[in-house]
């Protein structure tokens, strides 16, 4: 928690220095295909399925505040049932974050994430605090850009006997925004890797996402 407090303090102090003249609101909608792989050593499962999500954020005086929600329905991948113990499940994830832009091309945020894998009989629930860094780079100035994000959990918990270990991930994509327009489109790929405590194995989540958004000044 000390690391989280230090990260938030650094982000807030740096963001105030780049104050904006007026607040802006950003809205985003996502459609994705997701794969979840679990390897506990004694059993391996692989599930996949579609999902939808969204994010809203507001930028005020150089600071960013936002929240996101995604939901997906996963089924065993392939014709073999996805491995021993695989079953259909629902994925629900909520995110709250705060941060700011330290540089025109660098965004830093931090906040809690709650993720749940729900079946008819059980719910696997993850709760973690993550710090995230995003770097933007133009491909065609004013039209097409790229970005790369990395994140790592500063503290984590899961309702499994093994407990939670290291959790980290990354995302990369391209963004198209027509000149002098507030709407944009994005295609991205992300991967999250969660290491369970002890010899518990790991869980990996991958997703290819098509997103659309609008910025309201």
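Any read-out appearing in this document is the output of simple, stated calculations on the displayed coordinates, not a laboratory observation. As the structure is a computational prediction, the values presented were derived from the model and not from experiment. Using ideal geometry, Cβ is built from the backbone for each residue, glycine included, and neighbour counts are taken over all protein chains shown.
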Residues 71, 124 arranged by fewest to most Cβ contacts within 10 Å
71, 124
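By how many nm would the segment from residue 92 to residue 69 grow when fully extended, if each residue of separation counts as 0.36 nm and the alpha-carbon distance is taken off?
Working: separation 23, 0.36 × 23 = 8.28 nm, distance 0.76 nm.
Result: 7.5 nm gained on full extension.
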On full extension of the chain, what length is gained from residue 52 through residue 189, given 0.36 nm per residue of separation minus the C-alpha to C-alpha distance?
47.9 nm
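Which FRET efficiency, nearest 0.05, do residue 33 and residue 60 yield, Cβ-Cβ r, R0 41 Å? Working shown, then result.
On the way: r = 34 Å, r/R0 = 0.84.
According to the calculation, E is roughly 0.75.
If packing is taken as the average count of other Cβ atoms within 10 Å, what order do 138-148, 60-70 fall into, highest mean first? Working shown, then result.
Numbers: 138-148: 12.5, 60-70: 16.7.
Averaged packing, sorted descending, gives the order 60-70, 138-148.
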For a quick check: sort 105, 151 by the number of other beta carbons within 10 angstrom, fewest at the front.
105, 151
Under a plain spin-label model, where a point goes 7 Å from the Cα along Cα-to-Cβ, how far apart in nm are residue 168 and residue 155?
2.1
